[in-house]
Protein chains: 4
Amino acid sequence: MPKVTDEHRAARRHQVLAAALRCVSREGFHKTTMAHVIAESGMSAGAVYGYFKGKNEIIRAIADFAIGGLAVSLQELAEGDEPVTPADALAVVLNHVEGLAESPDGDLTRVAVQAWAEACRDEQVREIARQRLLKVRGGWEAVLVRAQRDGSLHPDADPTQVAQAMIGMMPGFVLQRLIVGDVTAASYLAGFRSVVA
Amino acid sequence: MPKVTDEHRAARRHQVLAAALRCVSREGFHKTTMAHVIAESGMSAGAVYGYFKGKNEIIRAIADFAIGGLAVSLQELAEGDEPVTPADALAVVLNHVEGLAESPDGDLTRVAVQAWAEACRDEQVREIARQRLLKVRGGWEAVLVRAQRDGSLHPDADPTQVAQAMIGMMPGFVLQRLIVGDVTAASYLAGFRSVVA
Amino acid sequence: MPKVTDEHRAARRHQVLAAALRCVSREGFHKTTMAHVIAESGMSAGAVYGYFKGKNEIIRAIADFAIGGLAVSLQELAEGDEPVTPADALAVVLNHVEGLAESPDGDLTRVAVQAWAEACRDEQVREIARQRLLKVRGGWEAVLVRAQRDGSLHPDADPTQVAQAMIGMMPGFVLQRLIVGDVTAASYLAGFRSVVA
Amino acid sequence: MPKVTDEHRAARRHQVLAAALRCVSREGFHKTTMAHVIAESGMSAGAVYGYFKGKNEIIRAIADFAIGGLAVSLQELAEGDEPVTPADALAVVLNHVEGLAESPDGDLTRVAVQAWAEACRDEQVREIARQRLLKVRGGWEAVLVRAQRDGSLHPDADPTQVAQAMIGMMPGFVLQRLIVGDVTAASYLAGFRSVVA
DNA sequence: TATGAATGAGCATTCATTCAT
DNA sequence: GATGAATGAATGCTCATTCAT
């Protein structure tokens, strides 16, 4: 089947990635074997290796995808007409996270936790994660600048530092959801609103 | 003689755990082989297996230790004489975290991230993590009740929900420290204070 | 049309063989993969398999070519007008070998060494090698009979046995050239002349 | 079975090497799989890897052994009381080679041919082969100096060049034996004697 | 006839664990 | 108890060959 279209190639890559995502959300990166991914994808070993150089490349692609998935565009919030508060933006983030947990290819938040752990070991995954985090922090900064304009954030606040704190609330939500299981976007957000009020 | 033996046993277990901690903080749980732990501990394979049933038991002990290490006693803060604000308690937590990164047996925050990932895969690690998190949430609740008494937290706030939000700030601090590297307890806390102000 | 096709077939086969020769002289038979040969030839996998049944057929064709390349026609020497000595014939052989090392498709003497090794494993390659060696021995016998006539070889010598000895000097020259690197046709021949003198 | 003696270690290494030798003399270096060696040795995979880092290390050890096996000590011949001719020394070499073909761990001359081929590919094997060849050439030079003293070699001959030529007769003997099969030490030597006579 | 993506058996190697000493 | 050599199933990956287009 030579002369395959780019769409075909992309679809095949996605087929591998989706299979790997399901495996990783079940078993984590390191208990997921290539044999699992191969079986789950329905492809042959050789075919999978035709689309990815090896397990590391798949791990990196998945880490990128999962961490990227957690990123919400806060930009549009910052550019919208409605007044924006930090709590509003956090609500958007938390609802987005809850949606990722229901992904058809497994709970993406579980995969993201794997990716965080991998970022602490693998320089390349760390770089991917860093880029993603900085991007989202940029979104938060835009929102916070807007919030200062709207009066919902103190004008003397340093948007960069506040962005660090605000983005920092997401991992704690993800982990408590997965590990304790008693946290919802609503309860978490309510807790935050009570503090800032 | 039995007491000497018990002390001996405890010392030997610690020897293995400390070695494993150093390995895991360098390489993560799954790239750490028993051979690494055995070599790092200076013990023989048979000896290590005399103190731990296998790798899983070591992983669980380490996960317990690392997640437990992140827990600070906020109880004494709640019971002290000084008025307490949520930000004060967060400062205590963040400073404690910064100290763990300098542990003689490797950066414990890196190990904790590994433990979070493992908690998403292994029911027993998850249970350990859950107990630890609930314990710390209990400490936060005590602090927050005190804060309500002191007037630094709104009297209508639900301490449980606020505790979820407050404990949720810690993982985000750990991850940004390890992955982005530009976050300090001071900058993170300043960001938080700006929001609640 | 059939003739054009035949020429085309021959040209294509040569294209594959030349590519394979370059690969084998670099990497040996068994480290040379079909993918290497396919890439080096600039043809497609399917095309290569249209001209050769498989890797074994290519190996045999190359072995034939490389061992055949070492064969010089000593016949014309035997039939010439000039008096011939064994050393003269050896000089022709050694000079020919030195030329093969400069082949545009890689050092053919390296390929020949691979072919010798393969001849010890593969019955078909061995048969090819045997035919080639016997052919050259025939050439040597003709030269040696002529040398007896010329008086440069003892009349009681058995030309077959002497041919065994004389042809036997070639592999040692090739190997010392490739492995030790300090042997030239001139030095090797001088050594031989000193013994027979 | 801890605290094993050095003899035990040496015996185990030999057990692997002997197994590998049998495999390689049958199938060549590259068709010999680790599974073959492991099965032939009667050891487990892990045990074999406890004595050798990998297949390459085994190949190199075998190449060393096989090429080394071809080396005869011509030194004692050079130092003996009897007058020595080049043909006498060649006789010793050829008889030695015939003996190696009957080794209990397979025909060592077949393994040596594999080693020559490998020496053309692998820098480390080449270095091993070079050292071995230079050693034997040294033996030949001693013999030839002695032969000059005895009057059986022309006093003007350069012993180094003659040694190149004389050692060069061995590979041709090995290859003709293995590939054509009609050459014996006796016939080959007779051919040589006829030329030098 | 040409293409090259796909196949899948096979390969070298690792590693958690055991157990004879 | 302590030792560490031995085990062998499992892993990530390769590559000669095929065949739908």
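The values are calculated or read from the model by the stated rules, or taken from the named source; none is laboratory data. All values derive from a computational prediction rather than experimental measurement. Glycine gets a Cβ as well: all are built from the backbone with ideal geometry, and neighbour counts include every protein chain shown.
Considering the range C:140-176, the residues that are within 21 Å of the chain's Cα centre (by Cα), surrounded by 22 or more Cβ atoms within 10 Å (Cβ to Cβ) and small (Gly, Ala, Ser) include one that is farthest from D:ARG137 (Cα to Cα), namely C:ALA163.
Quick check: is even one residue across the range B:87-99 within 16 Å of DNA strand E (Cβ to nearest atom) and more than 29 Å from B:CYS120 (Cβ to Cβ)? No, the range B:87-99 contains no residue that is within 16 Å of DNA strand E (Cβ to nearest atom) and more than 29 Å from B:CYS120 (Cβ to Cβ).
Every condition in (1) touching a helix residue (DSSP H, G or I) at 6+ places or on another chain (Cβ under 9 Å); (2) at pLDDT below 95 is met by C:ASP150 except one, and the failing one is (1).
Please verify whether the range A:36-48 includes one or more residues that are within 14 Å of chain B (Cβ to nearest Cβ) and under 22 Å from A:GLU118 (Cβ atoms). Yes, the conditions are met somewhere in the range A:36-48. When the residues of the range C:60-118 are filtered to those that are of a type in the set (Val, Ile, Thr) and assigned to a loop (DSSP other than H, G, I, E, B), the one that is surrounded by the fewest Cβ atoms within 10 Å (Cβ to Cβ) is C:THR85.
Filtering the range A:1-52 to residues that are loosely packed, with under 14 Cβ neighbours inside 10 Å, in a helix (DSSP H, G or I) and of a type in the set (A, V, I, L, M) leaves A:ALA10, A:ALA11, A:ALA35, A:ALA39, A:ALA45. It is to be established whether one or more residues within the range C:120-131 are surrounded by fewer than 20 Cβ atoms within 10 Å (Cβ to Cβ), out of contact with any strand residue (DSSP E or B) (no Cβ under 9 Å at 6 or more places or on another chain) and within 22 Å of D:GLY168 (Cβ to Cβ). Yes, there is a match, as at least one residue in the range C:120-131 is surrounded by fewer than 20 Cβ atoms within 10 Å (Cβ to Cβ), out of contact with any strand residue (DSSP E or B) (no Cβ under 9 Å at 6 or more places or on another chain) and within 22 Å of D:GLY168 (Cβ to Cβ).
Can you confirm whether B:THR184 is more than 7 Å from chain A (Cβ to nearest Cβ) and touching a helix residue (DSSP H, G or I) at 6+ places or on another chain (Cβ under 7 Å)? So B:THR184 fails the test. Number of residues in the range A:85-112 that are free of Cβ contacts under 8 Å to residues at least 40 places away in the same chain, more than 23 Å from A:ALA19 (Cβ to Cβ) and not aliphatic (A, V, I, L, M): the value is 2. For the range A:17-59, enumerate the residues that are within 12 Å of DNA strand F (Cβ to nearest atom) and touching a Ser or Thr at 6+ places or on another chain (Cβ under 6 Å). Matches in the range A:17-59: A:CYS23, A:VAL24.
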